[in-house]
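Novice: Following this message is one structure expressed as structure tokens.
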Amino acid sequence: MASTGVRNGGPRMSTKLDRQGAGATPKAAAGKQRLSSAAAGGAYRRTSSGPLPAAGGRGSSEGVSSRVRVAVRLRPRNAEELAADADFGDCVELQPELKRLKLRKNNWESDTFEFDEVLTEFSSQKRVYEVVAKPVVESVMEGYNGTVMAYGQTGTGKTFTLGRLGEEDTAARGIMVRAMEDILADVTPETDSVSVSYLQLYMEMIQDLLDPVNDNIAIVEDPRTGDVSLPGATVVEVRDQKSFVDLLRVGEAHRIAANTKLNTESSRSHAILMVNVRRSVKGRAEMDVSISGENGHSSSMMGSLRPPVIRKSKLVVVDLAGSERIDKSGNEGHTLEEAKSINLSLSALGKCINALAENSPHVPVRDSKLTRLLKDSFGGTARTSLVVTIGPSPRHRGETTSTIMFGQRAMKVENMVKLKEEFDYKSLCRRLDIELDKLIAENERQRKYFDDEVERIRAEAQCRIAEAERECKITLENEKMKYHQEYLDSIKILEEKWKIHQQSPKKQIKEAESTSNDIGEAHNLLQNEKMLRQSAEEEASDLRNQVSHWKKLEATATAEVVKLRKMLDTEASQKEKLEEEIGDLRSQLLQMSMEADETRRSLDKGDGPGKIFPGLDSLVSQTRGSQPREQSNGPKQPIAKLFEQVGLQKILSLLESEEPDVRVHAVKVVANLAAEEANQEKIVEAGGLTSLLVLLRSSEDETIRRVAAGAIANLAMNETNQDLIMAQGGVTLLSMTASDAEDPQTLRMVAGAIANLCGNDKLQTRLRGEGGIKALLGMVRCGHPDVLAQVARGIANFAKCESRAATQGNKVGKSLLIDDRALPWIVKNANNEAAPIRRHIELALCHLAQHEVNSKDIISEGALWELVRISRDCSREDIRMLAHRTLTSSPTLQAEMRRLGIKM
């Protein structure tokens, strides 16, 4: 009789959690909360489960508990299992309506397990995304951290579930593409931002899939909050879905995979996609404006300085490498070492989940870099959803059982979900600057308006005064001329009468009487003239009064102008106060950024916080003098701060110290400074390049030579510095170092410097004449993959420059690489197992074959077969198309292919 018992308390656990989340008393819920020990970093918190707070609420420091949700997905039988297991039934039976899974031990006995979701082999990608990842994505858009992870045996469909791009069939898109589509649809481009990083954990080394050169990224942990970050990873801001899919395609091309018995494309690394969402919360900061002036008008000014609120959240999608048994996968050699590393990291993850599920006082989170990266996902502050993938084959019943038990234990882990909000002081500064500019512009506009009004009133008053004076003058002249003419006429009449009176006495008497009458009339006329003159004077007085009235108006306008100027002075003082507040805010932001830099980088990455050597003591003490005493045993000061406070000249002077330890520390500081492009010009101007070349020539210390070569490699990335290195005999020194050194890391640095010089079109002949190509080919004796990758990169750069020069007509004749016997090594390593080496060699071979003069050597050295292979089987589409185009454009190669019967 078949057993239908439930193992590991699956149903009981689920019921207990639901009961606590729905109706547990505060005392019982508080009694269930526990913090992990200091060894676990203080980031794991266990509480009773409960719903997330509503969107838009402010996050509390205590947070809300949320259990890890686990879904199981069954893969259908593949062709191999259909053939090999045709006579056997599936070892797994699903009951999706009950969310149960039965695992058969034999024909009469089975175990039953319960999960949050049970997905059959017929479940679509959309269904998987909606039940597994969509709740987590919605929480991320509300301001909480979230994690979606896939765990299972190799070949059970983890990468298909998470990372499928679905370019041919949109229905096949995985969780990564669908999650980003929902995130981009919900953000506002003007106020929000979305950025991504794509990494892989390979052989306990964190590598950047978007920048393969960045292959050893350090994990930094904030000592105050315990948050884990990767400051060295490439961060790309995403604006649309197409650019995100292009980034995923680039990352997948760089991800390491291998062919095993269980999977033809088995992932040999853990892939980690980090999506950082930064959203502005609307309605958090309105600026109140109101101040009343003395004249009753309102003028705008800042009423409050409440900065806007920003929510930062992070979505982590983890595609774990598949767990596998060596006897079943058939791994050997390098793939065996990869399998060991994968199993060790998965084992460390399982131990952490066991400790969290059992409420152990110690969680071994530092046993692996994988557990450190997922520190926030299990027992931390993120909402986590796990999908475990299994296969139906009875041959893999043991692996299926292990995967199911992993999911069961993960369901017991609880996280404390927290909302992360912070004030956007930078946005506040920008708003204050804009508001200040508006106030200044408004004041200037008002002042110009009042000045124009005063000028208009003054001009109008002057015009009216001049017009009144002119009219008065004309009127007075006319009246004067009129009365003067009348006076002359009357005198003339009197003279005529007087003559007549002299002739006749009688008439004289009569005329005398008439004269007296005329005199009376003249007297009356004079009185009238006086009255008219008096009225004219009164009118002139009125005009003068009007002039004085306009002058009073002008004085009033002048007083108004003075008042406006006082208001402008007051607003200028308010502007100075606002600028002081903005300066304080900027200094606080600068202090916060400096504190973040202090936890992210150290002065010397190679040494711990031990003894400071005498030669550097005097310099480092200058930067430590301003630090509090309790920080004296903390991390070293950032190199940028040491550079600002000490000065480059003092640091370079220590390169000539007689003490070896001092020179080692000084050259490391210079090398770290040279890694930043902003410091390279200052280092070269201060003579740093000459000092590094002198060290490379004279020093016998392997560490100094290695670090000096690395610094020269960083400087060689700039075209101007490349000319200086060639002019000072840098290639000859690098070639001598390559012939003497035995350390692979030193050779890698030297090869990287020469490879950077190979990318300059102007230096081809000089580089080869001074032995640069022979030095590159000589370093292949080391056999180290990192050294070979740099050699291959240098040869690819040199071949690309030669091909470009030949196309432009600047070069004729056979390739210098062929003259230096580089072609046999290129053909030998064209199918190298290491992807970086193979990619650069394939590019170099394609560029060499583009020049028709090299075709005979390509054929004689057997490179034609490699070109044909590249055009057919290369994983990179751009290289594959370049090889195909090269083969079809060369008549010599086409003729040889027809002779050998090779078809494209």
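Novice: Please report the relative contact order for the stretch 181-247, taking Cα pairs under 8 Å with a sequence separation of at least 6, and give it as a percent rounded to a whole number.
Specialist: RCO, the stretch 181-247: 32 percent.
Novice: Pop the C-beta distance of HIS549 and GLU576 into the FRET formula with R0 = 51 Å and round what comes out to the nearest 0.05.
Specialist: Efficiency at R0 = 51 Å is approximately 0.80.
Novice: May I pose another question? Once R0 is set to 56 Å, what does the formula 1/(1 + (r/R0)^6) return for the Cβ-Cβ distance between THR170 and ASP740, expressed as a FRET efficiency to the nearest 0.05?
Specialist: 0.45
Novice: Let me ask you something else. Check cross-link reach from LYS314 to the aspartates and glutamates: straight Cα distance under 14 Å, and skip same-chain residues fewer than eight apart.
Specialist: In chain and number order, the partners are GLU138, GLU142, ASP192, ASP227, GLU237, ASP376, GLU421.
Novice: Between GLU190 and GLU877, what length comes free when the chain is fully extended (0.36 nm per residue of separation minus the Cα-Cα distance, one decimal in nm)?
Specialist: Full-extension gain reported as 243.7 nm.
Novice: Separate question: When we measure straight from the Cα of LYS551, which aspartates and glutamates land under 19 angstrom away, once same-chain ones fewer than 8 places off are left out?
Specialist: Hits, sequence-local ones excluded: ASP451, ASP452, GLU453, GLU455, GLU460, GLU467, GLU469, GLU539, ASP542, GLU560.
Novice: Kindly flag which residue pairs out of LYS369/LYS682; LYS448/LYS473; LYS158/LYS375 have an alpha-carbon separation exceeding 28 Å in this structure.
Specialist: Pairs exceeding the cut-off: LYS369/LYS682; LYS448/LYS473.
Novice: In what sequence, highest mean first, do 687-699, 344-356, 799-811 appear when ranked by Cβ atoms within 10 angstrom?
Specialist: For the peptides 687-699, 344-356, 799-811, the packing ranking is 344-356, 687-699, 799-811.
Novice: Amide H to amide H, which residues 5 or more places from ALA257 or on other chains are under 5 Å from it, using H placed in the peptide plane?
Specialist: ARG268
Novice: State, to one decimal in nm, how far the label point of ASP211 lies from the label point of LEU525, with both points 7 Å from Cα in the Cβ direction.
Specialist: Spacing of the two 7 Å Cα→Cβ label points: 11.2 nm.
Novice: Right, next: What whole-number value in Å² describes the accessible area per residue of the stretch 79-153 for a 1.4 Å probe? Mind showing how you got there, number by number?
Specialist: Values: 3370 Å² over 75 residues.
The answer is 45 Å² per residue.
Novice: Taking H placed 1.01 Å from N in the peptide plane, check which residues at least 5 places from SER110 or on another chain put their amide H under 5 Å from its amide H.
Specialist: SER3, LYS105
Novice: Work out, step by step, the length gained on full extension between ARG456 and GLU442: first 0.36 nm times the residue separation, then minus their alpha carbon distance; give nm to one decimal.
Specialist: 2.9 nm
Novice: Need the list of aspartates and glutamates near LYS577 for cross-linking: C-alpha distance under 16 angstrom, and skip anything on the same chain fewer than eight residues off.
Specialist: Output for LYS577: ASP433, GLU435, ASP437, ASP569.
Novice: Please list, in order along the stretch 152-167, the HN-Hα scalar couplings obtained from phi with the Karplus expression 6.51 cos²θ - 1.76 cosθ + 1.60 (θ = phi - 60°), rounded to whole Hz, x for Gly and Pro.
Specialist: Couplings: x, 5, 4, x, 9, x, 5, 5, 4, 5, 9, x, 5, 7, x, 6 Hz.
Novice: Cα-Cα over 24 Å: which of LYS530/LYS552; LYS126/LYS418; LYS814/LYS903; LYS438/LYS563?
Specialist: Those over the limit are LYS530/LYS552; LYS126/LYS418; LYS814/LYS903.
Novice: Still on this structure, I have one more. Which order do you get for ARG409, ARG663 if you rank them by accessible area with a 1.4 Å probe, largest at the top?
Specialist: Per-residue accessible area, sorted high to low, gives ARG409, ARG663.
Novice: Further question: Modelling each spin label as a point 7 Å along the Cα-to-Cβ direction, I'd like the GLU435/LYS566 distance in nm, to one decimal.
Specialist: Between GLU435 and LYS566, the simple spin-label model gives 2.6 nm.
Novice: Mind ordering 71-79, 737-745 by average Cβ neighbours within 10 Å, highest first?
Specialist: Ranked by mean Cβ neighbours within 10 Å, highest first: 71-79, 737-745.
Novice: Apply the Karplus curve 6.51 cos²θ - 1.76 cosθ + 1.60, θ = phi - 60°, to the phi angles in the stretch 771-777 and return the couplings in whole Hz, x for Gly and Pro.
Specialist: Taking θ as phi minus 60°, the curve returns x, x, 5, 5, 5, 4, 5 Hz for the stretch 771-777.
Novice: Sticking with this structure for a sec: Got a sec? What order do SER871, SER653 fall in by accessible area at 1.4 Å, biggest, i.e. largest, first?
Specialist: From most accessible down to least: SER653, SER871.
Novice: Hey, another quick one. Determine ³J(HN,Hα), in whole Hz, for all residues of the stretch 879-887 in sequence, where each value follows from phi through the Karplus function 6.51 cos²θ - 1.76 cosθ + 1.60 and θ = phi - 60°; x replaces Gly and Pro.
Specialist: With the stated coefficients, the stretch 879-887 comes to 5, 4, 5, 5, 5, 5, 5, 5, 5 Hz.
Novice: Specify the inter-centroid distance of the stretch 64-135 and the stretch 872-904, based on alpha-carbon positions, in whole Å.
Specialist: Here the two parts' Cα centres lie 47 Å apart.
Novice: In whole Å, how far is the Cα centre of the stretch 657-693 from that of the stretch 432-464?
Specialist: Here the answer is 59 Å between Cα centres.
Novice: Accessible area per residue, 1.4 Å probe, Å², for the stretch 753-799: what's the number?
Specialist: With all protein chains present, the stretch 753-799 gives 35 Å² per residue.
Novice: Another question about this same structure. Tell me, how many Å apart are the Cα centres for the stretch 387-424 and for the stretch 525-555?
Specialist: Here the answer is 106 Å between Cα centres.
Novice: Follow-up question, since we're still on this one. On average, how much accessible surface per residue is there in the stretch 176-241, in Å², for a 1.4 Å probe, leaving out ligands, DNA and RNA?
Specialist: 46 Å²
Novice: Say each of LYS102 and LEU336 gets a label point 7 Å from the Cα, pointing the same way as Cα to Cβ; how far apart are those two points in nm?
Specialist: Result for the modelled spin labels: 4.2 nm.
Novice: When the solvent-accessible surface of protein heavy atoms is calculated with a 1.4 angstrom probe, in what order do LEU900, LEU715 fall, highest first?
Specialist: Correct descending sequence by accessible area is LEU900, LEU715.
Novice: What does the net charge come to around LYS438 if you take all other residues with beta carbon closer than 14 Å to its beta carbon, with K and R at +1 and D and E at -1? Walk me through the numbers on the way to the answer.
Specialist: Values: positive: ARG430, ARG431, ARG445, LYS575; negative: ASP433, GLU435, ASP437, GLU442, GLU444, GLU571.
Local charge sum for LYS438: -2.
Novice: Fully extended, how many nm does the chain gain between ALA253 and SER360 (0.36 nm per residue separation, minus their Cα-Cα distance)? Numbers along the way, then the final one.
Specialist: Numbers: separation 107, 0.36 × 107 = 38.52 nm, distance 4.08 nm.
Gain on stretching ALA253 to SER360: 34.4 nm.
The values are calculated or read from the model by the stated rules, or taken from the named source; none is laboratory data. Given the structure is predicted, the values throughout are model-derived calculations rather than measurements. Positions of Cβ are generated from backbone atoms using ideal geometry, with glycine treated the same way; all protein chains shown enter the neighbour counts. For accessibility, only protein heavy atoms count, side chains too; no ligands or nucleic acids. Shrake-Rupley method; radii C 1.70, N 1.55, O 1.52, S 1.80 Å.
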